[in-house]
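Remarks on the structure that follows.
The values are calculated or read from the model by the stated rules, or taken from the named source; none is laboratory data. Small disclaimer: the values here were computed from a predicted structure and weren't measured. Virtual Cβ from ideal backbone geometry, glycine too; neighbours counted across all protein chains shown.
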Amino acid sequence: MDGLSSGQNGPDLRVDIGSLVLANPVLTASGTFGYAREFAQLMDLHCLGGVIVKGISLHPRAGNPPPRIVETACGMLNAIGLQNVGVDRFITEKMPYLEGLRVPVVVNILGDTLDEYAEITARLAGVPGVAAIEVNISCPNVKSGGVAFGTDPAMAAAVTKAVKGRAAVPVMVKLSPNVTDITTIARAVEEAGADSLSLINTLIGMAIDLKSRRPALANVIGGLSGPAIKPVALRMVFQVARAVKIPVVGIGGIDSAEDALEFLLAGATAVQIGTANFINPRVSEEVVAGIARYVQEENLSSVRELIGAVRLG
Amino acid sequence: MDGLSSGQNGPDLRVDIGSLVLANPVLTASGTFGYAREFAQLMDLHCLGGVIVKGISLHPRAGNPPPRIVETACGMLNAIGLQNVGVDRFITEKMPYLEGLRVPVVVNILGDTLDEYAEITARLAGVPGVAAIEVNISCPNVKSGGVAFGTDPAMAAAVTKAVKGRAAVPVMVKLSPNVTDITTIARAVEEAGADSLSLINTLIGMAIDLKSRRPALANVIGGLSGPAIKPVALRMVFQVARAVKIPVVGIGGIDSAEDALEFLLAGATAVQIGTANFINPRVSEEVVAGIARYVQEENLSSVRELIGAVRLG
Amino acid sequence: MAQYQENATVTRVEQFSAETFRLTLQAPQIAGDAQPGQFVMVRTGQGKDPLLRRPFSLHQTFSDGGVQLYFKVVGRGTEILSRSLVGERLSLFGPLGRGFRYRPEQPAVLIGGGLGIAPMLFLAREISRQNSSPASGCQVLLGARQKGELAVVMEDFAQYGSVHPATDDGSLGHHGLITEVLFSLPLPAAATVYACGPEGMLAAVAGHCRRHGFPCQVSVESVMACGMGACLGCNRPASAGGYTHVCLDGPVYDAEELLWMV
Amino acid sequence: MAQYQENATVTRVEQFSAETFRLTLQAPQIAGDAQPGQFVMVRTGQGKDPLLRRPFSLHQTFSDGGVQLYFKVVGRGTEILSRSLVGERLSLFGPLGRGFRYRPEQPAVLIGGGLGIAPMLFLAREISRQNSSPASGCQVLLGARQKGELAVVMEDFAQYGSVHPATDDGSLGHHGLITEVLFSLPLPAAATVYACGPEGMLAAVAGHCRRHGFPCQVSVESVMACGMGACLGCNRPASAGGYTHVCLDGPVYDAEELLWMV
Ligand SMILES: Cc1cc2nc3c(=O)[nH]c(=O)nc-3n(C[C@H](O)[C@H](O)[C@H](O)COP(=O)(O)OP(=O)(O)OC[C@H]3O[C@@H](n4cnc5c(N)ncnc54)[C@H](O)[C@@H]3O)c2cc1C
Ligand SMILES: Cc1cc2nc3c(=O)[nH]c(=O)nc-3n(C[C@H](O)[C@H](O)[C@H](O)COP(=O)(O)OP(=O)(O)OC[C@H]3O[C@@H](n4cnc5c(N)ncnc54)[C@H](O)[C@@H]3O)c2cc1C
Ligand SMILES: Cc1cc2nc3c(=O)[nH]c(=O)nc-3n(C[C@H](O)[C@H](O)[C@H](O)COP(=O)(O)O)c2cc1C
Ligand SMILES: Cc1cc2nc3c(=O)[nH]c(=O)nc-3n(C[C@H](O)[C@H](O)[C@H](O)COP(=O)(O)O)c2cc1C
Ligand code: FES
Ligand code: FES
């Protein structure tokens, strides 16, 4: 990890997630940070450990009709419906800016079939600036694809193999929390060759508007994110980190350095910040700074000392 | 349902959950309302549709060491460990007061084996004042029993049969949300003879205390409840209500009449109020009053018109 | 396109009716860059509930760094905002979105209904300020529930043009809808109509303008999580097919770009 | 055993140090029934975050229906409470728990450390009020970080007995721990010791009393969700085996009933 400096003699925040080396353990979560450019005015993008872009499919998708979002207690439901410009336009329209950032860019991908996953991966191979691929097998919004892949160990493994077979960069597989035993899926994906795991995607939820007596989302159900889900996410990260050998990236309700540190202690090698970007566009910058402060105050030789260091018994 | 009046010419709030008729659709959830007596000073117990008592096992249980609870964003984690006095002392020490209330009392039961479930049920048969049994197959806190029963359709059905075989009153089975497909479990339990279903029990979660770097709960993991989980609960109630023919009782994060009405619209015949009792000991009384007001203002002939009446498409 | 996140201090709180309020805050960076029709995302509380920021149009900016929000209490977030105290700090970010494309030299008709009044004051001032023959002024049509909501702001608007009020209860101006005032008003040739208000009012105004050949710009709403293009949550069907995103492509549109959801 | 839920109006806010505050509220029903050592559950905000109520001992009650809370800011809930304004309303319920079993005719030694000072004033007053020979008074030992936390409350305590202060920084009274003051103080025969404070202090006080044969009552803490016996979340190991529940069986215990968690 010598190639990457962590800035002017600051504490050592470097982490290694499955052969992808990051200057610090803070990434922005897919679908919550646009294509990074949106935040350029409001924060310093260069301080990020990495950027994960909105999920990309083989063909452009229009997404769901409105309303697509609704606030819930300490959380929100979304049913964006995976609106995106498709992999080709992503490469030509979005990647040049992202590449120029000189921050690791992870491309989140999704498909309805194994072939689609493989094909998107193939098209991303060799594209400058793509540091890793995150495979969304867990999105609860689209009826086909997503749900089935992420809730069945065999299917999850098949997607992983399809992507790994074509990928030129490390592959991170993003798990769904809407399962009875997430460690079974995690192990299946690990065996299929994933370089790292990220979790959790959103919990499936619903809200009803009492005035109209209709579902609050046009899609009826949506994905729950935000502080409300943090305890579930932390539990799953803890369980999965003990069940697999590959690095785990923690996601779910993180909105402060303290939250991020809890995930590291539970076993995450890095974290992703999602919904919190909407409430405080500077949050990722603040989390990086807060982790650095903690590492210094606790006299740790590196942030890596914290990974999985929760004290049991 | 002529036997039960709903009070002085108020709106018709009566509901029927699997041959158990309630004056209104508001029950208090197991483990959050003690044995009702605790609330006698702070609210009018007689306004309740029903009371569900803390989970009872065959033998007394001491429960988990402290800390047993920790607050989370719009929620709380608990790992009480099913502390209770055991079925025999429950019958002699707690039932006399409860019977005197003249409010339907539902006894929540749990066991480590099928035989234990059957035996508790047998001991409750004929005990005056017991209006129904709620079978907890979903408690995530105890390593044995709970988890396995509630997450496997065959085991869930077996428990249901064991209880139904000995029960003198209607049997409500309480489902765990920590499963990939709750409708599969719901249908298995329905086929096994359950009179009604209640859902959801708590989501499994975890928190870490950064200062000590230890799990915030002595039990490491605990059950997440409160407003944070409402969207997940509402979604599951919606799904289950469409998958089964028996009545469904909605639980999860309800703290207002509006919340309760959302659950009715989603398909619940009644609701249970849990964590909210801690924050506002009068909440159940207020929810009953709020539902009555809504039924009146909307000129409904009965609250039953709302059940499953969410408008789709 | 500069954007700022500011911890703005409340300097004034005005209440116009049971639900109508105006807050003045010090947010010099936002005030310095904002255009009429743009909005800010406001954090209504300190805790995590309510979680999301709320979008509000800039009602007015001042050269001393002040910005004004004019809003109605419709739910929890606005209820909390209405209880703001002078000296309190609120987190704002903006200015966001695409504002009005106004041509100050041409006759302008501004229509604000309900909380749609909010962005019109800023627009009226800019048109009036940049118009070399201020005598012409704008025509300003303001609709509200009752007198209280309009009385104070009408004075502000009167600096920039002639004001035509309407109230639901008839307590001030025309007794009825503000669209009725529009329909009965002879519009100057080459006038542009700028409107903000409830969806039904906007659809009616847009229809009137199309029938009579006036260009019409509307400021519309949608639910928003981020306000800056990151979540894709604020979509509306576009007349060209597909969706437009209110926080980036709007909130101000040429009326012809939109499909009406009424 | 009556309990009440009241919407109490804040009538006074005092700040004694950066983190130490005292709130006076009008809660006549609670004030009317409370016993020294009992507590109330306070809702710190209006929203759902923070969700749970926070337990606070009754510091003092007044015949005009007032109650006082003396608290330290240690987290989000107490931070919000510290920003309360006169006129604001807070939801309280109580009085809860088992208070001190005091024998007013016998010598009493009261020890409050840090926020453990809170329940002692109410106790000192009741002992003094019910004692037929007020001259004897209580011995009151108060420990704090620095002078500011003690100065004002010391005057209140002085009405009921002789006060022995100690501060961590030596800015008032003994420079060091309040337990050191206890160890060096000759206690009257037949005295009962009443203590509230951090776990370590209570363990030390209890040990001292056991060694010297003084009965000792302690007020202890635990996390609480309901405060009234419904959740079973507030357990502590009991010396007799099994658990005791602080909100029902406590918060005041005979020291011998508890196992110390130090
Ligand atoms: C670009 C933009 C500019 C705006 N400018 C102003 C303004 O200047 N003054 C003003 O008073 N309001 C304005 N609004 C509307 C304002 O954002 C909402 O009234 C506010 O978010 C409601 O928050 P709440 O917490 O009080 O209500 P909630 O509790 O969130 O909701 C209460 C009710 O209001 C409805 N509602 C919530 N959000 C919106 C929304 N964004 N649009 C329409 N209805 C909504 C809900 O459906 C619900 O029925 C603007 C909205 C947008 C998108
Ligand atoms: C019966 C009883 C009476 C009390 N009386 C008083 C009083 O008169 N004055 C006073 O200042 N405090 C009193 N406390 C403690 C008070 O309840 C806590 O300080 C308060 O709940 C903290 O809330 P918070 O949101 O500020 O902190 P949180 O954000 O909840 O927690 C911040 C830190 O404080 C610790 N903490 C939280 N709750 C407690 C608790 N109940 N006991 C110990 N540590 C805790 C946490 O572990 C955490 O490290 C009493 C507690 C009990 C059980
Ligand atoms: C508006 C929105 C859009 C999202 N889009 C995607 C997506 O395209 N692909 C994906 O894998 N996850 C997506 N997610 C899930 C987030 O990346 C993240 O896993 C989840 O929100 C939990 O983290 P949080 O609580 O920090 O938001 C989306 C989340 C939100 C809120
Ligand atoms: C402190 C606590 C104790 C509980 N004990 C039980 C129990 O003994 N048996 C049971 O079936 N559910 C138990 N539950 C679960 C609740 O009955 C309810 O299903 C859950 O809390 C979700 O509802 P809520 O969000 O309204 O609290 C308990 C919940 C809490 C918070
Ligand atoms: S509000 Fe997030 S993209 Fe418009
Ligand atoms: S705090 Fe709930 S039982 Fe004691």
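A:GLY34: assigned to a loop (DSSP other than H, G, I, E, B) and either away from chain B (no Cβ under 14 Å) or away from ligand 3 (no atom under 13 Å from the Cβ) (or both), yes or no? Yes; evaluated as a whole, the condition is true for this residue.
The set of residues from the range C:84-130 being of a type in the set (Phe, Trp, Tyr) and closer than 16 Å to C:ALA191 by Cα comprises C:PHE100, C:TYR102. When you scan the range D:168-188, do you find a residue that is in contact with a Phe, Trp or Tyr (Cβ under 7 Å, 6 or more places away or on another chain) and away from ligand 6 (no atom under 16 Å from the Cβ), even just one? Yes, some residue in the range D:168-188 is in contact with a Phe, Trp or Tyr (Cβ under 7 Å, 6 or more places away or on another chain) and away from ligand 6 (no atom under 16 Å from the Cβ). Among the residues of the range D:79-94, the ones that are closer than 24 Å to B:ARG282 by Cα and within 11 Å of ligand 2 (Cβ to nearest atom) come to 3 in all.
Considering the range A:269-284, and only residues there that are in a loop (DSSP other than H, G, I, E, B) and of a type in the set (S, T, N, Q), the residue that is surrounded by the fewest Cβ atoms within 10 Å (Cβ to Cβ) turns out to be A:ASN280.
The number of residues in the range B:236-250 that are facing chain A (nearest Cβ under 9 Å), in contact with a strand residue (DSSP E or B) (Cβ under 7 Å, 6 or more places away or on another chain) and not β-branched (Val, Ile, Thr) comes to 2.
Among the strands (runs of 3 or more DSSP E) confined to the range B:37-78, the ones with at least 3 residues that are within 14 Å of chain A (Cβ to nearest Cβ), touching a residue at least 60 places away in the same chain (Cβ under 8 Å) and not charged (D, E, K, R) are located at B:69-72, B:75-78. In the range C:205-262, which residue that is within 14 Å of another protein chain (Cβ to nearest Cβ) and polar (S, T, N, Q) is farthest from C:PRO107 (Cα to Cα)? My answer is C:ASN235. In the set B:ALA218, B:ALA233, B:ALA266, only one residue is among the small types (Gly, Ala, Ser) and more than 9 Å from chain A (Cβ to nearest Cβ); that residue is B:ALA218. Whether a residue is in a strand (DSSP E or B) and either crowded, with 18+ Cβ neighbours inside 10 Å or more than 16 Å from ligand 3 (Cβ to nearest atom) (or both) was assessed, and D:VAL252 passes this test.
Residues checked against (1) within 16 Å of the chain's Cα centre (by Cα); (2) within 30 Å of C:SER239 (Cβ to Cβ); (3) modelled with pLDDT of 95 or more:
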{"site": "A:VAL53", "(1), (2), (3)": "yes, yes, yes"}
{"site": "A:ALA62", "(1), (2), (3)": "no, yes, no"}
{"site": "A:GLU71", "(1), (2), (3)": "no, yes, yes"}
{"site": "A:ASN78", "(1), (2), (3)": "yes, yes, yes"}
{"site": "A:ARG89", "(1), (2), (3)": "no, yes, yes"}
{"site": "A:VAL130", "(1), (2), (3)": "yes, no, yes"}
{"site": "A:VAL135", "(1), (2), (3)": "yes, no, yes"}
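Return yes when C:LEU69 is crowded, with 22+ Cβ neighbours inside 10 Å, modelled with pLDDT under 95 and within 11 Å of ligand 1 (Cβ to nearest atom) and no when it is not. When the stated conditions are applied, C:LEU69 does not pass them. A search for C-beta distances below 7 Å between a residue of the range D:1-18 that is within 14 Å of chain B (Cβ to nearest Cβ) and in contact (Cβ under 8 Å) with a residue 24 or more places away in the chain and any residue that is of a type in the set (Asp, Glu) and part of a strand (DSSP E or B), counting only pairs 6+ apart in sequence or on different chains, returns nothing.
Considering only the range A:106-125, I want to know if a residue exists there that is more than 24 Å from A:ASP16 (Cβ to Cβ), within 16 Å of ligand 4 (Cβ to nearest atom) and either buried (at least 17 other Cβ atoms within 10 Å of the Cβ) or touching a residue at least 60 places away in the same chain (Cβ under 8 Å) (or both). Among the residues of the range A:106-125, not one is more than 24 Å from A:ASP16 (Cβ to Cβ), within 16 Å of ligand 4 (Cβ to nearest atom) and either buried (at least 17 other Cβ atoms within 10 Å of the Cβ) or touching a residue at least 60 places away in the same chain (Cβ under 8 Å) (or both), which makes the answer no. Set side by side, the residues D:GLY242, D:GLY200 differ, and just one is surrounded by fewer than 18 Cβ atoms within 10 Å (Cβ to Cβ), of a type outside the set (Val, Ile, Thr) and closer than 30 Å to B:PRO281 by Cβ, which is D:GLY242. Could we say that A:THR160 is away from chain B (no Cβ under 14 Å) and crowded, with 22+ Cβ neighbours inside 10 Å here? Criteria met by A:THR160.
With respect to C:ARG54, is the statement that it is within 14 Å of ligand 1 (Cβ to nearest atom) and on the phi < 0 side of the Ramachandran plot true? Yes: the conditions hold for C:ARG54. Considering only residues in the range C:43-94 that are closer than 22 Å to A:GLU38 by Cα and not in a loop (DSSP other than H, G, I, E, B), the one that is farthest from ligand 6 (Cβ to nearest atom) turns out to be C:SER57. Comparison of C:ALA8, C:ALA2 shows that the only residue that is assigned to a strand (DSSP E or B), aliphatic (A, V, I, L, M) and out of contact with any Ser or Thr (no Cβ under 6 Å at 6 or more places or on another chain) is C:ALA8. Out of curiosity, is A:LEU217 under 15 Å from the mean Cα position of the chain (by Cα) and surrounded by 24 or more Cβ atoms within 10 Å (Cβ to Cβ)? Against the criterion (under 15 Å from the mean Cα position of the chain (by Cα) and surrounded by 24 or more Cβ atoms within 10 Å (Cβ to Cβ)), A:LEU217 does not qualify.
For the range B:166-177, check the following and say yes or no: at least one residue is within 16 Å of ligand 6 (Cβ to nearest atom) and either in contact (Cβ under 8 Å) with a residue 12 or more places away in the chain or within 14 Å of another protein chain (Cβ to nearest Cβ) (or both). There is no residue in the range B:166-177 that is within 16 Å of ligand 6 (Cβ to nearest atom) and either in contact (Cβ under 8 Å) with a residue 12 or more places away in the chain or within 14 Å of another protein chain (Cβ to nearest Cβ) (or both). With the structure loaded, tell me whether B:ILE246 is surrounded by 23 or more Cβ atoms within 10 Å (Cβ to Cβ) and assigned to a loop (DSSP other than H, G, I, E, B) or whether it fails that test. Considered against the rule, which asks whether it is surrounded by 23 or more Cβ atoms within 10 Å (Cβ to Cβ) and assigned to a loop (DSSP other than H, G, I, E, B), B:ILE246 comes out as no. Of everything listed in (1) of a type outside the set (Asp, Glu); (2) in contact with a helix residue (DSSP H, G or I) (Cβ under 8 Å, 6 or more places away or on another chain); (3) within 16 Å of ligand 4 (Cβ to nearest atom), the single unmet condition for D:CYS216 is (3).
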